[in-house]
Amino acid sequence: MKGQYDVIIVGTGPSGLTLANILGSYHVRTLVLERDPALSPFPKALNIDDEFFRLLHAMGMGMAMKHHAKYPISYDYVSPLGLRLGFVRGRITEHGFPNRAAIYQPDFEKILFNAAVETDYVTVKFDQEVVRIDDDAQTGVQVVARQANGNESTFHGQFLVGADGAHSVCRKHLNLSFDEVDKFGVRHVVIDVLDDIDPSPMALTKMGWRRNFFSMPAPNGRRFEFSLRNDETAEDLLDDDTLRHLFKPWRNYDELNIIRKVVHTFRARIAPKLHHGRIFLIGDAAHLMPVFGSQGMNSGARDANNLGWKLARVINNGAPQALLDTYNTERWEAVLKTIKMATMNGKLQMVQSIPMSLMRDAFFGLLRLIPAATSYIREMKYIPRPFLRSSLVQPGAEQGKKKDIIGRINPNPKVSVNGEEHLLDELTGTGFALIGVASSKHGVEQIVSQARRFDATIVIVNEKGANETWTQGAAGETIRAATVLDSHYDPLFESYRGQWLLVRPDRVIACAGSWQTFIESSACILAEMMNAPIDRIRDGLIQEQCPEHRAA
Ligand SMILES: Cc1cc2nc3c(=O)[nH]c(=O)nc-3n(C[C@H](O)[C@H](O)[C@H](O)COP(=O)(O)OP(=O)(O)OC[C@H]3O[C@@H](n4cnc5c(N)ncnc54)[C@H](O)[C@@H]3O)c2cc1C
């Protein structure tokens, strides 16, 4: 049944608005219901990562983000004795964007909101607290929302996405627990300051014997945090005299232009599943993680990126609903790994006994003597980059080997086409893409035909100095050949030269191979997306390729 809306999203936090943008870009009729009368005025998340920035750019918010955000951010981690334990270098990564960019969440949410409503397919209604949900496998979802004056409205949709934060009514409707991944529950007093004296993009974590201090750049000033000890209450730390004392080594507290001070408790939780029937959970509604590693909001964006194109495919292209099951398969394990990383990171920073702290410092001091370990920290390689595994990826012969890339995100190098510079994403667009890694013309007819079935763009990626040998398919289709200008595609030139990659709309590499292998494995993915037997897909391919077969 077609609902009043295709998708109803609950919550205008960063996760809900990111998904609204993705769905709007696919012309999916989307309603976003928000309990509050307006977007949140409170700054919470401070950093977006390279993957999220890349997604924002793809959805047309690149320029707005360039003006709003401060980047790239570098991080210094200093021990109680003043020893530098780690340094994360601010840099542009293989995603083509800064590893970390500082945002001011209220302004950031405005950017997301404006872009979403500009798609013309997204309606946002404030002062609508979702209080009741009815879902039916056949008829869709019915949502009752209450306004502040007590009136209630009912909305219908084909699918419902709970992006309604830690106390999610959608998660409760599904009767799902919110399981503690780890008992680690650290509290910080967080003080956001306007126009700080230090406008640099440097962040500092100064670990102490009794508490840690954090100083982080924001686009409009700086954020400071102090960790709380177990015997302290929030009131203790919000007290002006206490803060005046804590700030003494760093700032004159009385001269700070404070936007907000608040105590946050960071927890590690995950729902046992992220999807049931027509209802999905994304962002904090599905998982919570300690702030170390800045992955909470960024994980919500990954949820939205994974789910958005699949919902669009089901709604717009009649793909089977089973396609949506891969959201849970692909995201749950990945999120769990991220929560564990954030927790471990936090535990290392929060060591409070002096002997343990000395052991940690000695360990990290020794690590600094090993170049590989230094680059592991400097380039944040500890942030999990899991291989997604589901029926929508076809691991190849490289599975389990160092050069495996299937299920990972395709790099986004700088490329040139006819002398003009682009990011690779700008050539491939936001749909499926077939990328030839310095590929030859062999099998091009089959490749072009397969691209048509995925409605995909074809791009040939060549190394610098290589001849752009061809730009046309056999049937006259334009196939763009791009020359890579940086080193981000080097691992692919090394291990996948001459092969074809299928890149999904969320930029995940779904399969790779020489043209024959590629046609076979991409046909398996197509079969999955169309809920058709693989033999029929193969037959279809053969018929398209051989006119005599078609005539017969
Ligand atoms: C101090 C701090 C620092 C952080 N720093 C970072 C960082 O640097 N990087 C990072 O990635 N993450 C960070 N995080 C985590 C990040 O803030 C969250 O993960 C992120 O805000 C979650 O977004 P969300 O959209 O999933 O949920 P929320 O932001 O919680 O949004 C949920 C929305 O749903 C609405 N809602 C709730 N119930 C209903 C209902 N029944 N009906 C209608 N609407 C409803 C709420 O009003 C709200 O607007 C930080 C968090 C804190 C506290």
Exercise for the section: Report, by residue number, each residue of segment 171-189 that is within 25 Å of Val262 (Cα to Cα) and either among the basic types (Lys, Arg) or outside any strand (DSSP E or B) (or both). Expected result: Phe178, Lys183, Arg187
Exercise for the section: Keeping to segment 1-41, report how many residues are farther than 26 Å from Ala148 by Cα, part of a loop (DSSP other than H, G, I, E, B) and modelled with pLDDT of 95 or more. Expected result: 3
Exercise for the section: Pick out the one residue from Ala334, Ala342, Ala322, Ala286 that is in the same structural domain as Ala20 (by TED's automatic domain parsing) and either in contact with a Gly (Cβ under 6 Å, 6 or more places away or on another chain) or aromatic (Phe, Trp, Tyr) (or both). Expected result: Ala342
Exercise for the section: Go through Ala286, Ala234, Ala268 for me and flag whichever is out of contact with any Asp or Glu (no Cβ under 7 Å at 6 or more places or on another chain), modelled with pLDDT of 95 or more and aliphatic (A, V, I, L, M). Expected result: Ala234
Problem - Of residues in segment 1-31 being away from the ligand (no atom under 16 Å from the Cβ) and more than 19 Å from Pro505 (Cβ to Cβ), the one surrounded by the fewest Cβ atoms within 10 Å (Cβ to Cβ) - result: Met1
Exercise for the section: For residues that are surrounded by fewer than 20 Cβ atoms within 10 Å (Cβ to Cβ) and in a helix (DSSP H, G or I), scanning just segment 316-327, find the one that is nearest to the ligand (Cβ to nearest atom). Expected result: Leu324
Completion exercise
If we ask which residues in segment 103-144 are under 30 Å from Ala203 (Cα atoms) and touching a Pro at 6+ places or on another chain (Cβ under 9 Å), their number turns out to be 8
Completion exercise
Filtering segment 424-458 for residues that are surrounded by fewer than 22 Cβ atoms within 10 Å (Cβ to Cβ), under 24 Å from the mean Cα position of the chain (by Cα) and part of a strand (DSSP E or B) leaves a count of 1
Practice task
Would you be able to say whether some residue in segment 69-79 is at pLDDT 95 or above and farther than 30 Å from Arg211 by Cβ?
Solution key: no
Handout entry: Options His167, His173; residue that is without any contact (Cβ under 8 Å) to a residue 12 or more places away in the chain and within 14 Å of the ligand (Cβ to nearest atom)
Key = His167
Practice task
Considering only segment 42-159, give the helices (runs of 4 or more DSSP H) lying wholly within it that have at least 1 residues that are within 13 Å of the ligand (Cβ to nearest atom) and crowded, with 23+ Cβ neighbours inside 10 Å.
Solution key: 50-58, 105-118
Completion exercise
From the option list Gly300, Gly293, single residue qualifying as outside any helix (DSSP H, G or I) and open to solvent by less than 20 Å² (accessible area, probe 1.4 Å) is Gly293
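The values are calculated or read from the model by the stated rules, or taken from the named source; none is laboratory data. Since the structure is predicted, the reported quantities are computational estimates derived from the model, not experimental observations. Quick reminder, even Gly has a Cβ in these numbers, built from the backbone with ideal geometry, and neighbours come from all protein chains shown. For accessibility, only protein heavy atoms count, side chains too; no ligands or nucleic acids. Shrake-Rupley method; radii C 1.70, N 1.55, O 1.52, S 1.80 Å.
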